[in-house]
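Enquirer: Pasting in a structure now, in structure tokens, and then I'll have a few things to ask.
Values in this text are rule-based calculations from the coordinates and carry no lab data. Here the structure is a predicted model, which means the values were calculated and not measured.
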Amino acid sequence: MHRKIRTYPDPVLAQIAQPITEITDEIRILAEDMLETMYADNGIGLAAPQVGESLRIITVDLSGPDKREDPHVFINPELHDLKGEVESEEGCLSVPGYRTNVKRAECLKLCALDLDGKPIEMHCDQLMAICLQHEVDHLDGILFIDKISKLKRTLYERKVKKWLKQKKDDEK
């Protein structure tokens, strides 16, 4: 089921997501819904808070959004051994209409569980490392706009205020 993407400044995006203690049918359904939503909204990664669930689960598919050949679901992901630095342009389904450069670690090790509760350990670099850092930030209540300069952030905030005002005016 396609779910609505929560957008900034929705409060769920600023919360620290709760660990998943048991992989239930509800968690598996959430993972399916997240993949469907990620593809429908042309994303390559999605965190549960972005669909209103404050739980530590992310989905990633770097073959997307068109091909959908390599879907991953990571439960309780943790990032270790972050090394190097790379700057790349990022956008976010929860921060519509805005892209900017963000500095991230160049490579890392991911530790997580899959949907069967089996441990996953992956060494990642390039786009996978960037995407994992972006999605795990969501689980910690951090958006990529929290990592940009104060000036860029202020400009984006002004844009959001205009959008929200326009939305309210349209609803009248």
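Enquirer: Any chance you could run the full-extension gain for Lys172 through Val86? It's 0.36 nm times the residue separation minus the Cα-Cα distance, nm to one decimal.
Expert: Extra length from Lys172 to Val86 when fully extended: 26.4 nm.
Enquirer: Further, regarding this structure: Tally the DSSP beta bridges in the stretch 11-171 and give the antiparallel ones as a percent, rounded to 5.
Expert: Percent antiparallel among DSSP bridges in the stretch 11-171 is about 95.
Enquirer: Given the stretch 11-171, what count of lysine pairs have C-alpha atoms under 17 Å apart, with each pair 8 or more places apart or on different chains?
Expert: 12
Enquirer: For every helix of n ≥ 4 consecutive DSSP H residues, a contribution of -39,500 (n - 2.57) applies; sum these over the chain, divide by its total residues, and give [θ] at 222 nm rounded to the nearest 500 deg cm²/dmol.
Expert: -10000 deg cm²/dmol
Enquirer: So I have [x] 34, 17, 15; [y] 24, 20, 14; [z] 26, 20, 14, and one of them is semi-axes √(5λ) of the Cα gyration tensor in Å calculated from this model. Which one is it?
Expert: Only one option fits the structure, namely [z].
Enquirer: Now, a different point. Quick check on the stretch 6-91: take the gyration tensor over C-alpha atoms, sort the square-rooted eigenvalues as a ≥ b ≥ c, and tell me if it's rounded (a/c under 1.5), prolate or oblate.
Expert: The shape class here is rounded.
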